[in-house]
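The values are calculated or read from the model by the stated rules, or taken from the named source; none is laboratory data. Fair warning: this is a prediction, and the values are worked out from it, not measured in the lab. No Cβ is skipped: glycine too gets one built from the backbone with ideal geometry, and neighbour counts run over all protein chains shown. Areas reflect the complete protein model, heavy atoms only, side chains present, ligands, DNA and RNA absent. Shrake-Rupley method; radii C 1.70, N 1.55, O 1.52, S 1.80 Å.
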Amino acid sequence: MYYAMAKMPMLRALFVVLALALLFGVYKQGFGGALYYDDYGNLEGLSKIVDLHSAKQFVFDGFAGPLGRPIALASFALQASGWPDNSASLLLVNALIHMANALLLGVLGYMCLRLCLSLSRSQAFWAAFGSAVLWAGLPLLASTSLIAIQRMTGLAALFSILGLVGFTWAYRLYAASPVRALFCQFAFLGLGTLLAMFSKENGALTPLFALAIDVLVRKDGLRSADHWVHKLRFAVLMLALVVFLVYLSPLMRDYFSVSDVRGYSAWERLQIQQGVLWEYIRAFIAPLPSLFGPFHDDYPRTVDGISSGVAGLAWLLTLVIGIWLHVSGKSRWPLFAVLWFMFGHLLESTTIQLELYFEHRNYLPVYGICLALAAAVVSVPMAYRRLAVFLFALFVLLQWAVLLSVTSMWGQPMKAANVWAAERPASSRAVTHAVFLELSEADNNVADLNYQYIRRQRYEYTLSLLDRTIQHCPGCVSVRLQAVGYVCKLNRFDEAKARLRDTVSFAAGAEKPRSVVDGLFGLRELIQEGRCGDLSGDDLLALIEALSGSQLFKINHISTRIYFLAAAVAEDLGRASDRDSYLLKAEASSPVALPVLQYQLKVAMAANKFDQALDAINRRYPLVVENKGVMTQALLDEIKASVLEEMTQVSTDGSQEQGE
């Protein structure tokens, strides 16, 4: 008996080690994966890190969220060497964070089960770590570790879980000192929440997970000890929930104005999200490999009143059933699963104007369902326990098998890109990613004797991918611009002109303005190089003018770029007055955009219009905010001094010429 008891801790430790090793082995299949859209957008500054000062700039100048996410960016800064060719090492760290989270969730689940159920340590361990193994192997969560930038999600979860582990552990202190226990709980919870928030803003939801634990998990017997302390803890946690509900309510935001960035209102988004949440549940229950990938920008943006109403009623019914089961004393776990899931989606899946669908949003929310399933298994009467364990194990194996399929796919970038582009033909991001990898592959064949032929064939194939997306998404202007570029490279100039003019008719409904502007810059380069036949800057300006009237292109940083480009195109055409007019529009959109000022100074200095240059500088002084952005008062002083120096030099040279 003693020998068997001594072996149990070793057996449990071996189980944990083997599970983590298997998890690493499965995710390792995806380490050869590519970088994606947001990876480049948020991490391009890694290439500029050369010393401590530049590293600080990268860490504290983040723009991925309102708080900048400096902790997550600091973790990337430690891996700056080798960017962007070090994607495998970035994904390795992501996988290690996922493994740490799985281990900590096992610990958290163990403490929760011991708090509320009369389980032996052995039973609680196997149920808790069984739920952690299920969670760790969900293909629904694969994108969190296999998209480099989503380390922000994993890292925020790491700190949230640490805070919750400390919060739950401190319940054991109440018997000795309730006040000390309360202090420890909120110290752990507060620190974990802050660290999580500065990794990703949804870390602010950590107190709501603690609320679910406090209301539904802790032992009822704890109520008797120092009653006011428990009331205070509950009141503070409830206050956190109220703050979030008020923040997301019509009291704090206009529910019916259409977002300039997204093209739908907060009320419309809330209706759509009711269905999205059920789709996440479907992907959890029936994990088909085709459901999982990095591209979901083709998700329907129209509101179906009947579907959203049914989805909303289904959530309400689920919540009511959970409450009834809890109040009647039958089971607390269905309500725990529903509340944990809803709390976890409160920020990203309600009224805040983010994109509609991302799998990584389920990273912590889905854990409540996993733990509830494990608790249900150990609560089944002994006559059916083996069957319940068997079905649970079968479900876990299904998830891990699909996860292996998913990670293996992600680890083959070209194959994955082509599959995603075929499965999601209306996704402009999917086709753009496939095109990028396709052309990178073509460039790798530059030494091949048949390089020109291979490149042309790849251009033809790329164009076929783009046209397939255009067919499914006629308003994808960025894809249309890419297609025009490849038609030019294939020397089909009449077709290029016709395609660009056709694109103008879709300008009013254009989406993804940043991608559209990037496409315009690329097309201008082709026109400058004479690679588009008689396609001219006039054709490009016609499209720019059409786009400038679209709501999405009135966003300041977008309109600045588009007017800056228009100025450059006008200069290509020799129209100085149009160029200057566009530059003034760019300045009006973003007065502290340094490239606009530099362009204005270049024009003025070339014409020796120093007063005009000084006026452009002086207009910026009242607008700069120190330590915010590139343009500072010190920089303006430096630029102004160089203009004055140049003006003095020209004046001196002119005087000398007159004297001679």
> Once you have the alpha carbon radius of gyration of the chain, what is it after dividing by 2.2 N^0.38 Å, with N set to its residue count?
Replying inline: 1.12
> Among 334-341, 504-511, 136-143, what's the highest-first ranking by average C-beta atoms within 10 angstrom per residue?
Replying inline: 136-143, 334-341, 504-511
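Taking 41 Å as R0, compute the FRET efficiency from the Cβ-Cβ separation of A508 and I321 and round it to 0.05. Let's see the in-between values first.
Working: r = 46 Å, r/R0 = 1.13.
E(calc), rounded to 0.05, equals 0.30.
Listed highest first by mean packing, meaning other Cβ atoms within 10 Å per residue, what order do 636-643, 162-169, 417-424, 251-258 come in?
Numbers: 636-643: 15.0, 162-169: 22.8, 417-424: 19.4, 251-258: 11.5.
Top to bottom by mean Cβ count within 10 Å: 162-169, 417-424, 636-643, 251-258.
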> Size of the dipole of the chain about the Cα centre, Lys and Arg at +1 and Asp and Glu at -1 on the beta carbon, nothing else charged, in debye to 20?
Replying inline: 3820 debye
>> What distance in nm separates the two pseudo spin-label positions at Q649 and A388, each 7 Å out from Cα along the beta-carbon direction?
In response: 8.3 nm
> For segment 101-112, in order, what is each residue's ³J(HN,Hα) by Karplus, 6.51 cos²θ - 1.76 cosθ + 1.60 with θ = phi - 60°, in whole Hz (x at glycine and Pro)?
Replying inline: 5, 4, 4, 5, 5, x, 5, 4, x, 4, 5, 5
> Going toward the positive end of the dipole of the chain, with +1 on Lys and Arg Cβ and -1 on Asp and Glu Cβ, which of C473, A496, L134 do you reach last?
Replying inline: L134
>> Less than 27 Å apart at the alpha-carbon level, and either on another chain or at least 8 residues along: which lysines does that give for K330?
In response: K219, K231
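Per residue, how many Å² of accessible area does segment 104-202 show with a 1.4 Å probe? Walk me through the numbers before you get to the answer.
Values: 3030 Å² over 99 residues.
Value returned for segment 104-202: 31 Å² of accessible area per residue.
In what sequence, highest mean first, do 44-55, 90-101 appear when ranked by Cβ atoms within 10 angstrom?
Details: 44-55: 13.8, 90-101: 20.9.
My ranking of the peptides, most packed first, is 90-101, 44-55.
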> Bin by bin, in steps of 5 Å, what percent of the Cα pairs in segment 247-373 do you find, going until the bin that has the longest distance?
Replying inline: 2, 10, 18, 22, 21, 14, 8, 4, 1, 0
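Give me the extension gain from K48 to L490: residue separation times 0.36 nm, minus the current Cα-Cα distance, reported in nm with one decimal. Before the final figure, lay out each step's value.
Values: separation 442, 0.36 × 442 = 159.12 nm, distance 3.55 nm.
Between K48 and L490, full extension yields 155.6 nm more.
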>> Below 25 Å, Cα to Cα, which lysines can K497 reach? Residues fewer than 8 away in the same chain don't count.
In response: K489, K512
>> Please compute the volume of the convex hull spanned by the alpha-carbon atoms of segment 153-249 and report it per residue in Å³.
In response: 84 Å³
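Using the Kirkwood formula over every pair of different C-alpha atoms, what hydrodynamic radius in Å results for segment 545-612?
Details: mean 1/r = 0.0828 Å⁻¹.
Computed over Cα pairs of segment 545-612, the Kirkwood hydrodynamic radius comes out at 12.1 Å.
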> Projected onto the charge dipole of segment 282-359 (+1 at Lys/Arg Cβ, -1 at Asp/Glu Cβ, origin at the Cα centre), which of F295, W333, W315 gives the Cα projection farthest towards the positive end?
Replying inline: W333
>> If you consider only alpha-carbon coordinates, what radius of gyration and Dmax does segment 262-315 have, in Å?
In response: 12.1, 32
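What's the local net charge at S478, with K and R +1, D and E -1, over the other residues with C-beta under 10 Å away?
Values: positive: R429, R480, K512, R514; negative: E511, D518.
Surrounding charge for S478 is +2.
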>> Given the DSSP H assignment, sum -39500 (n - 2.57) over each helix run of at least 4 residues in the chain and divide by its residue total; what's the result at 222 nm in deg cm²/dmol, nearest 500?
In response: -23000 deg cm²/dmol
> Tell me, which cysteines of the chain are without a disulfide-compatible partner by the Cβ under 4.7 Å rule?
Replying inline: C112, C116, C184, C370
> Under 21 Å Cα-Cα from K602, which lysines qualify once same-chain neighbours fewer than 8 residues away are excluded?
Replying inline: K585, K640
>> Using only the Cα atoms of segment 25-93, what are the Rg and Dmax in Å?
In response: 12.4, 38
> If the viscosity is 1.002 mPa s and the temperature 20 °C, what Stokes-Einstein diffusion coefficient in µm²/s follows for segment 163-204 when Rh is the Kirkwood radius over Cα pairs?
Replying inline: 206 µm²/s
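Would you mind working out the accessible area per residue for segment 257-391, using a 1.4 Å probe, and quoting it in Å²?
Working: 5960 Å² over 135 residues.
Computed with neighbouring chains in place, this is 44 Å² per residue.
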> Any idea what the relative contact order of the chain is, in percent, if you count C-alpha pairs under 8 Å spaced at least 6 apart?
Replying inline: 11 percent
> How large is ³J(HN,Hα) for each residue in segment 587-601, as worked out from phi by the Karplus curve 6.51 cos²θ - 1.76 cosθ + 1.60 (θ = phi - 60°), to whole Hz, x for Gly and Pro?
Replying inline: 5, 5, 6, 9, x, 9, 6, 4, x, 5, 4, 4, 5, 4, 5
> Once all Cα-Cα distances of segment 485-629 are split into 10 Å bins that start at 0, what whole-number percent is in each one?
Replying inline: 11, 38, 32, 15, 4, 0
> Along the positive direction of the dipole of segment 563-656 (beta-carbon charges: Lys, Arg +1; Asp, Glu -1; about the Cα centre), which of A570, L601, Q633 reaches farthest?
Replying inline: A570
> What length, rounded to one decimal in nm, is gained on full extension from A187 through to Y621, with 0.36 nm per residue of separation minus their alpha-carbon distance?
Replying inline: 151.8 nm
>> Kirkwood hydrodynamic radius, computed over distinct alpha-carbon pairs, for segment 613-652: how many Å, to one decimal?
In response: 10.8 Å
>> How are the alpha carbon pair distances in segment 484-567 distributed across 5 Å bins from zero to the largest one, expressed in percent?
In response: 3, 16, 29, 25, 17, 9, 2, 0
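What length, rounded to one decimal in nm, is gained on full extension from A576 through to A498, with 0.36 nm per residue of separation minus their alpha-carbon distance?
Numbers: separation 78, 0.36 × 78 = 28.08 nm, distance 2.79 nm.
That pair, A576 and A498, stretches by 25.3 nm at full extension.
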> What angle, in degrees between 0 and 90 and rounded to the nearest 10, separates the Cα long axis of helix 428-443 from the longest principal axis of the Cα atoms of the chain?
Replying inline: 70 degrees
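Which percent of the accessible heavy-atom area of the chain goes to carbon and sulfur, probe 1.4 angstrom? Working shown, then result.
Working: 19290 of 30610 Å².
That fraction is 63 percent.
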>> Leaving ligands and nucleic acids out of the surface, order C473, C112 by accessible area at 1.4 Å, largest first.
In response: C473, C112
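At a Förster radius of 60 Å, what calculated FRET efficiency corresponds to the Cβ-Cβ distance of L594 and L232, to the nearest 0.05? Present the calculation step by step, with values, prior to reporting the outcome.
Values: r = 51 Å, r/R0 = 0.86.
For L594 and L232, the calculated efficiency is 0.70.
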